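The structure appears right after this line, and notes come after that.
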Amino acid sequence: MPSVDSIHEASRVITTRGRRFRVIRTTEVDEYESTPAAVSLRRALARRAPSAAALAAATKKKPTGDQFAGTSRKAAKLSIAPGPTTTFADLKSLIESLVADDKMVAHKPKIKTTASAGRVKEENKNVKVKAFLYAASREDDNDFHLIVGRATTKSPEMYMTMELSGLPPASSPALGPLTAARNAFKSFFGNDVPDFTYDFYDPPIPVTIAGSLFFDMNHATGQRPGPPSLKSRMPTIWEVHPVTAITLG
Amino acid sequence: MAKRRSRKARRKTPVAPRPGMPSPDSVREIVTKVAPTGMRFRILRTTEVDAYEKAPGPGKGTKGKSKARRSDGS
């Protein structure tokens, strides 16, 4: 299939000898194509400026240190759920075990996004899963967003956000595990820890991740988190947040 | 008897990209990395950001200052 970004029309269906085909019209041309239309299209695409958000991300000032710098649901994000840990062999079964997003949005009492909003009952669970790291970025609250998916051989494709949180204050009982998880990630990547734009990994990196469940109420409306190339296969805004242990490679 | 495809025909079969790769248009740099565990992999640095990331707003003192929502992670 073509790159999703290159499709400009996919509504035409033709029937020939009893078989139906969908025609997917794209902006893709052979590199050597020299017709005037192809040349002008190539020039237009080559001149295309990066998105404003990508430019902003590239010029953003890096957060210093490892302290958490956000406010939204800070109490929940910097705490470890008190519940037991359930181990999943496949990310799909973890995702299927979660309470539906629309039920969480309609949660009673309502999940607040203030700094002091702690975990709700459904979030008081810990999980552990073996999966693969496909992409990662660093947020300006100092969290690392990890986009974790199933093995490339498994279908359907499915990804979920898991976050290595910025660190809590020294008085927090979560400081030890959160520091250890963050250090494990940073020492695996060395000088190549991700920045504000997403890094993708090829092949995806095998990971064993443990952490607490967290419902991202902040993005229950509007744009959902995730890199545009994978977002359509991220079926939930539930996260593992914070990650309390990670083994890579 | 099953027909054997010639080497030429096999070579022409398009290889589908594996799942989970970024849009080729977004890749700005590729580096090869060897992790401390010995795993060798490529890092594809892209221009992709979360869609809720704010675009640069107008400069200080500009009229009609944008009220872009702060991207407070998630």
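Can you find a residue in segment A:236-249 that is at pLDDT below 95, part of a loop (DSSP other than H, G, I, E, B) and more than 9 Å from chain B (Cβ to nearest Cβ)? Let's see the steps before the verdict.
Initially, segment A:236-249 is screened for residues at pLDDT below 95, giving A:249.
Applying the additional criterion that residues be part of a loop (DSSP other than H, G, I, E, B) yields A:249.
In the following step, the residues that additionally are more than 9 Å from chain B (Cβ to nearest Cβ) were identified as none.
Scanning segment A:236-249, I find no residue that is at pLDDT below 95, part of a loop (DSSP other than H, G, I, E, B) and more than 9 Å from chain B (Cβ to nearest Cβ), so the answer is no.
Among the residues of segment A:176-216, those identified as under 12 Å from A:Thr247 (Cβ atoms), out of contact with any Phe, Trp or Tyr (no Cβ under 9 Å at 6 or more places or on another chain) and of a type outside the set (Gly, Ala, Ser) are A:Phe188, A:Thr208, A:Ile209.
Restricting segment A:171-209 to residues that are touching a Pro at 6+ places or on another chain (Cβ under 6 Å) and more than 8 Å from chain B (Cβ to nearest Cβ), the residue that is surrounded by the most Cβ atoms within 10 Å (Cβ to Cβ) is A:Leu178. Cβ separations smaller than 6 Å between residues 6+ apart or across chains give the following pairs from segment A:76-103 residues that are closer than 14 Å to A:Pro242 by Cα to residues that are surrounded by 16 or more Cβ atoms within 10 Å (Cβ to Cβ) and β-branched (Val, Ile, Thr): A:Ile80/A:Thr244.
Is it the case that some residue within segment A:133-145 is farther than 20 Å from B:Arg40 by Cβ, more than 10 Å from every other protein chain (Cβ to nearest Cβ) and small (Gly, Ala, Ser)? The answer is no, given that none of the residues of segment A:133-145 is farther than 20 Å from B:Arg40 by Cβ, more than 10 Å from every other protein chain (Cβ to nearest Cβ) and small (Gly, Ala, Ser).
Restricting to segment A:210-223, count the residues that are outside any helix (DSSP H, G or I) and facing another protein chain (nearest Cβ under 7 Å).
Start the filter on segment A:210-223 by keeping residues that are outside any helix (DSSP H, G or I), which leaves A:210-216, A:220-223.
Applying the additional criterion that residues be facing another protein chain (nearest Cβ under 7 Å) yields A:216, A:222-223.
Looking only at that region, the number is 3.
Is it the case that A:Asp199 is modelled with pLDDT under 95 and of a type in the set (D, E, K, R)? When the stated conditions are applied, A:Asp199 does not pass them.
When A:Thr27, A:Thr71 are screened for being at pLDDT below 85 and either hydroxyl-bearing (Ser, Thr, Tyr) or in contact with a Leu (Cβ under 9 Å, 6 or more places away or on another chain) (or both), only A:Thr27 passes. Here's a check for you: in segment A:70-101, which residue that is under 15 Å from A:Ala131 (Cα atoms) and part of a loop (DSSP other than H, G, I, E, B) is farthest from the other protein chains (Cβ to nearest Cβ)? Checking each candidate, the answer is A:Ala89. When segment A:214-235 is filtered for residues that are closer than 15 Å to A:Leu146 by Cβ and either surrounded by fewer than 22 Cβ atoms within 10 Å (Cβ to Cβ) or more than 14 Å from the chain's Cα centre (by Cα) (or both), the ones remaining, listed by number, are A:Lys231, A:Met234.
The values are calculated or read from the model by the stated rules, or taken from the named source; none is laboratory data. Remember, predicted model here, so these are calculated numbers, not experimental data. With ideal geometry, Cβ positions are generated from the backbone for all residues, glycine too; neighbour counts draw on all protein chains shown.
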